[in-house]
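What follows is a set of notes on a single structure, which appears directly below.
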Amino acid sequence: MQELTHYINGAHVKGTSGRFADVFNPATGEVQAKLPLASAAEMDIAVQAAAAAQPAWAAVNPQRRARVMMAFVGLLNKNMDKLAEALSREHGKTLPDAAGDVQRGLEVVEYCIGAPELLKGDFTDSAGPGIDMYSMKQALGVCAGITPFNFPAMIPMWMFAPAIACGNAFILKPSERDPSVPLMLAELMEEAGLPKGILQVVNGDKEAVDAIIDHDVIQSIGFVGSTPIAEYIYGRGCANGKRVQCFGGAKNHMIIMPDADLDQAADALIGAGYGAAGERCMAISVAVPVGEETANKLIEKLIPRIDALKVGPYTAGNDVDYGPVVTAAAKANILKLVQAGVDQGADLVVDGRDFSLQGYEDGFFVGPHLFDHVTTDMDIYTKEIFGPVLSVVRAKTYEDAITMAMDHEYGNGTAIYTRDGDTARDFANRINIGMVGINVPIPVPLAYHTFGGWKKSAFGDLNQHGPDAFKFYTRTKTITSRWPSGIRQGGEFNFKPMD
Ligand code: NAD
């Protein structure tokens, strides 16, 4: 059995806590590796190495730091197939989807090549007589990130690329489910020229996370994962005086207006609802057709498309639509919620509960499900399922539909399908959700914009990547400077405006 490691101060380091987690191959259900779970003492070793290395890295000029990012982009492209395969093997998603996971992270690294421009400060010449005033953006020091299983390449890169481009050292605590790609990324960053200790990977569970939250040296925490853990880390991290941004769960609605192209909407729902087995925080899990006729036609179009979905292991070729879910526990939770939907009276139009794949009976595959006549009090509507389950909630009017999406506690993403510009514009303006698609099912912003939800989907002020990341990973210092030219005068006691 392969025993994975931490990556501390430029070397693979065996775990010493004696605690391990199983890393599965979700397609076969087999345990393929053991992952060491760090103690607080192991976390401290990484923090000390980061603290020792960071000042010299912050002193490297931003253009040279950007060159490391450039070299890293080259290495990501060169190793794309290897990274995608390692990712699929532990996560279960298809190879093209895994390559997309790496690619979306790579694009954030590309954005960070602009660090010299993004880190330029402000300067006011002659703010007063002989006085100049300037602001600089300085690195925070040692930063940490805690990431979820569902994007083991992209989300770590969302965090460590801008943090490091800004001159920080970064400690990554990836998901226990799929830690191999994060370890490979740390190796590649060093191959690209990053000094030892600036990017480290410390594997672990709650114990390692708590060690991050309570460590005095760590200045900031980035978290992406489920909402209860986001709230916990945000509350305790802020109480400890750290800069914290935490991104949580989602329940993304797609509103389908009577004037929408229903074939287009149905195709979009299939990709956005079932792609990656629904294990995306931007997956559409609720379809809201407006009007009975729209709903009936939509269901009619969805059923054959769902029946045609190909579910299989990533090794079965590129025509597989989605793979297994990540663990047996995830599968059990999805099936429990499906049962709750049936018990609470929703209409299970496509039932994937008996799905089984020959040769992969022990894999964590879940067949596609479609519920109709879901109501807003049902568990399948209120809770995040994170599986291949789409719920149709019928709305009588546009106002009912938008109110429904606005009343849901999550506010990550949403979409509207319509041919009417006025409706689309009204929707985009009024909706209390962070990312909005107009005839676009998964409106994930590109690297140079920012990513972030509202309501219980995000805690903290700034979004991921784009300009916000350069704000999150730097502190502003403002200097007012005067070089005396003559005889010094006596002290100035009054707080007064500039002459
Ligand atoms: P998770 O919350 O179980 O785990 C996320 C991280 O938190 C992991 O590194 C894990 O080790 C750690 N963790 C787990 N339990 C902990 C505890 N009790 N104390 C401290 N740390 C703990 O999430 P997941 O299952 O890996 O990922 C799926 C979730 O992430 C979904 O809810 C999904 O919507 C969300 N997500 C959100 C976004 C976003 O940008 N909003 C993006 C991707 C995923």
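Scanning segment 440-454 for residues that are more than 27 Å from Ala266 (Cβ to Cβ) and either modelled with pLDDT under 95 or assigned to a strand (DSSP E or B) (or both) gives a single hit, Trp454.
If you check Arg419 against the conditions, is it surrounded by fewer than 18 Cβ atoms within 10 Å (Cβ to Cβ), among the basic types (Lys, Arg) and assigned to a loop (DSSP other than H, G, I, E, B)? Criteria met by Arg419. The residue that is nearest to Pro148 (Cα to Cα), counting only those in segment 219-257 that are of a type outside the set (Gly, Ala, Ser) and touching a Cys at 6+ places or on another chain (Cβ under 7 Å), is Phe223. Suppose we keep only residues that are modelled with pLDDT of 95 or more and surrounded by fewer than 22 Cβ atoms within 10 Å (Cβ to Cβ) within segment 316-325. Which one would you say is nearest to Ala401 (Cα to Cα)? Checking each candidate, the answer is Asp321. You will find that of Gly18, Gly10, Gly74, Gly100, the residue that is without any contact (Cβ under 8 Å) to a residue 40 or more places away in the chain, of a type in the set (Gly, Ala, Ser) and closer than 23 Å to Ala165 by Cα is Gly100 and no other. Looking across segment 326-359 at every residue that is among the hydrophobic types (A, V, I, L, M, F, W, C) and touching a residue at least 60 places away in the same chain (Cβ under 8 Å), the one that is surrounded by the most Cβ atoms within 10 Å (Cβ to Cβ) is identified as Val326. Residues in segment 226-255 that are in a helix (DSSP H, G or I), touching a residue at least 40 places away in the same chain (Cβ under 8 Å), more than 10 Å from the ligand (Cβ to nearest atom) and under 17 Å from Phe472 (Cα atoms): Tyr234 alone. Highlighted here are the helices (runs of 4 or more DSSP H) found entirely within segment 79-193 that include at least 2 residues which are within 26 Å of Asp216 (Cα to Cα): 154-165, 180-191. When segment 276-291 is limited to residues that are within 16 Å of the ligand (Cβ to nearest atom) and at positive phi, the one that is surrounded by the most Cβ atoms within 10 Å (Cβ to Cβ) turns out to be Ala277. Report yes if Ala272 is part of a helix (DSSP H, G or I) and in contact with a helix residue (DSSP H, G or I) (Cβ under 7 Å, 6 or more places away or on another chain), otherwise no. No, not satisfied. For segment 447-469, the count of residues that are free of Cβ contacts under 8 Å to residues at least 60 places away in the same chain, of a type in the set (A, V, I, L, M) and out of contact with any His (no Cβ under 6 Å at 6 or more places or on another chain) is zero.
Scanning segment 329-387 for residues that are among the polar types (S, T, N, Q) and farther than 15 Å from Asp307 by Cα yields Asn333, Gln339, Gln344, Gln358, Thr375, Thr376, Thr382.
Between Leu185, Leu95, Leu118, the distinction of being buried (at least 22 other Cβ atoms within 10 Å of the Cβ) and either at pLDDT 95 or above or more than 16 Å from the ligand (Cβ to nearest atom) (or both) belongs to Leu185 only.
Restricting to segment 1-53, and then to whatever is of a type in the set (Val, Ile, Thr) and outside any strand (DSSP E or B), can you tell me which residue is nearest to Leu357 (Cα to Cα)? Working first, answer last.
Our first condition is that a residue be of a type in the set (Val, Ile, Thr); within segment 1-53, this holds for 5, 8, 13, 16, 23, 28, 31, 45, 47.
Then drop every residue that is not outside any strand (DSSP E or B), which leaves 5, 16, 28, 45, 47.
Working: Thr5: 33, Thr16: 39, Thr28: 10, Ile45: 45, Val47: 45 Å.
Checked segment 1-53; the qualifying residue nearest to Leu357 (Cα to Cα) is Thr28.
Please go through segment 33-57 and pick out each residue that is surrounded by fewer than 18 Cβ atoms within 10 Å (Cβ to Cβ) and not polar (S, T, N, Q). Walk me through how you get there before you give the answer.
At the first step, the residues of segment 33-57 found to be surrounded by fewer than 18 Cβ atoms within 10 Å (Cβ to Cβ) are 34, 40-41, 44, 48, 51-52, 55-56.
Selection gives Lys34, Ala40, Ala41, Asp44, Ala51, Ala52, Pro55, Ala56.
Of all residues in segment 455-499 being part of a loop (DSSP other than H, G, I, E, B) and hydrophobic (A, V, I, L, M, F, W, C), which is nearest to the ligand (Cβ to nearest atom)? Talk me through it step by step, then tell me what you get.
From segment 455-499, those part of a loop (DSSP other than H, G, I, E, B) are 456-457, 460-463, 465, 473, 483-499; that's our starting set.
Filter once more, so that each one left must be hydrophobic (A, V, I, L, M, F, W, C): 462, 483, 487, 493, 495, 498.
Numbers: Leu462: 13, Trp483: 48, Ile487: 60, Phe493: 51, Phe495: 44, Met498: 44 Å.
Selected residue: Leu462.
Within segment 485-497, not a single residue is in the same structural domain as Ile164 (by TED's automatic domain parsing) and either in contact with a Lys or Arg (Cβ under 7 Å, 6 or more places away or on another chain) or exposed (fewer than 14 other Cβ atoms within 10 Å of the Cβ) (or both).
Only one entry of Glu3, Glu30, Glu90 meets the criterion of being closer than 30 Å to Glu207 by Cβ, buried (at least 18 other Cβ atoms within 10 Å of the Cβ) and at pLDDT 95 or above, and that entry is Glu90.
Of the residues Ala424, Ala405, only one is farther than 30 Å from Asn168 by Cα and either in the same structural domain as Phe160 (by TED's automatic domain parsing) or surrounded by fewer than 22 Cβ atoms within 10 Å (Cβ to Cβ) (or both); which?
Details: Ala405 fails: either in the same structural domain as Phe160 (by TED's automatic domain parsing) or surrounded by fewer than 22 Cβ atoms within 10 Å (Cβ to Cβ) (or both).
Going through Ala424, Ala405 in turn, just one is farther than 30 Å from Asn168 by Cα and either in the same structural domain as Phe160 (by TED's automatic domain parsing) or surrounded by fewer than 22 Cβ atoms within 10 Å (Cβ to Cβ) (or both): Ala424.
Looking at Ile171, Ile213, Ile221, Ile198 in this structure, which one is more than 9 Å from the ligand (Cβ to nearest atom) and farther than 22 Å from Leu4 by Cβ?
Details: Ile171 fails: farther than 22 Å from Leu4 by Cβ; Ile213 fails: more than 9 Å from the ligand (Cβ to nearest atom); Ile198 fails: farther than 22 Å from Leu4 by Cβ.
Within the list Ile171, Ile213, Ile221, Ile198, the selection yields Ile221.
Please indicate, with yes or no, whether at least one residue in segment 259-275 is without any contact (Cβ under 8 Å) to a residue 60 or more places away in the chain and within 16 Å of the ligand (Cβ to nearest atom). No, segment 259-275 has no match at all. For segment 360-379, the tally of residues that are outside any loop (DSSP other than H, G, I, E, B) and surrounded by 24 or more Cβ atoms within 10 Å (Cβ to Cβ) stands at 3.
Residues checked against (1) touching a helix residue (DSSP H, G or I) at 6+ places or on another chain (Cβ under 8 Å); (2) modelled with pLDDT under 95:
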position	(1), (2)
Thr327	no, no
Gly345	no, no
Asp354	no, yes
Gln358	no, yes
Asp362	no, no
Phe386	yes, no
Ser391	yes, no
Ala401	no, no
Gly411	no, no
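Candidates in segment 229-263 are the residues that are among the charged types (D, E, K, R) and surrounded by 17 or more Cβ atoms within 10 Å (Cβ to Cβ); of these, the one that is nearest to Ala428 (Cα to Cα) is Lys251.
The values are calculated or read from the model by the stated rules, or taken from the named source; none is laboratory data. These numbers were taken from a predicted model, which means no experiment stands behind them. Cβ: placed from backbone, ideal geometry, glycine included. Neighbour counts: every protein chain shown.
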